Amino acid sequence: MADEAGQRALIKRVCAVLAQYGEAALQGAPTESVAYEWLAAGFDDVEEIEDWLRARCFRARHARALEQVGFTPAQAALRTSAGLGEYEETIAYKLAQGDLTIAEARRIITSDFWSSY
């Protein structure tokens, strides 16, 4: 019973974070459904979920894909005008839109890293 109460509390905290990002994070789906998507994707740390949302990575599946290839939310939050489309956005957002490839994103991250020295 305590585990169930803990799960409900976690869902409530994730819902609160998602609500801060509004329609971009929900995309027409019920808040609780989106919260379950994040949990099902392996994200059970509310702060980490918020880090991904802050990087404009609004879907759990995109955050999971980025994480699996080694990106952190901070890296995914870097802004770029590379890739398709005549706009500047975060790496995470452009990847999610299909306007940037993982290879292009890696080049941006590597370039940013070496430029910082």
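For this structure, a couple of remarks:
- Scanning segment 17-29 for residues that are small (Gly, Ala, Ser) and either part of a helix (DSSP H, G or I) or within 12 Å of residue 59 (Cα to Cα) (or both) yields 19, 22, 24, 25, 29.
- Residue within segment 1-16 that is surrounded by 12 or more Cβ atoms within 10 Å (Cβ to Cβ), part of a helix (DSSP H, G or I), within 11 Å of the chain's Cα centre (by Cα) and modelled with pLDDT of 95 or more present: no
- The set of residues from segment 40-54 being open to solvent by less than 30 Å² (accessible area, probe 1.4 Å) and either closer than 22 Å to residue 95 by Cβ or in contact (Cβ under 8 Å) with a residue 60 or more places away in the chain (or both) comprises 41, 43, 49, 52, 53.
- When segment 70-100 is limited to residues that are open to solvent by 50 Å² or more (accessible area, probe 1.4 Å) and over 16 Å from the mean Cα position of the chain (by Cα), the one that is farthest from residue 48 (Cα to Cα) turns out to be 86.
- Exactly one residue out of 23, 32, 67 is open to solvent by 50 Å² or more (accessible area, probe 1.4 Å) and within 21 Å of residue 7 (Cα to Cα): that is 32.
The values are calculated or read from the model by the stated rules, or taken from the named source; none is laboratory data. All figures in this text were calculated on a predicted structure; none of them were measured in a lab. Positions of Cβ are backbone-derived with ideal geometry, glycine not excepted, and every protein chain shown enters the neighbour counts. When the accessible area is computed, the model is the full protein with side chains, heavy atoms only, and any ligands, DNA or RNA have been set aside. Shrake-Rupley method; radii C 1.70, N 1.55, O 1.52, S 1.80 Å.
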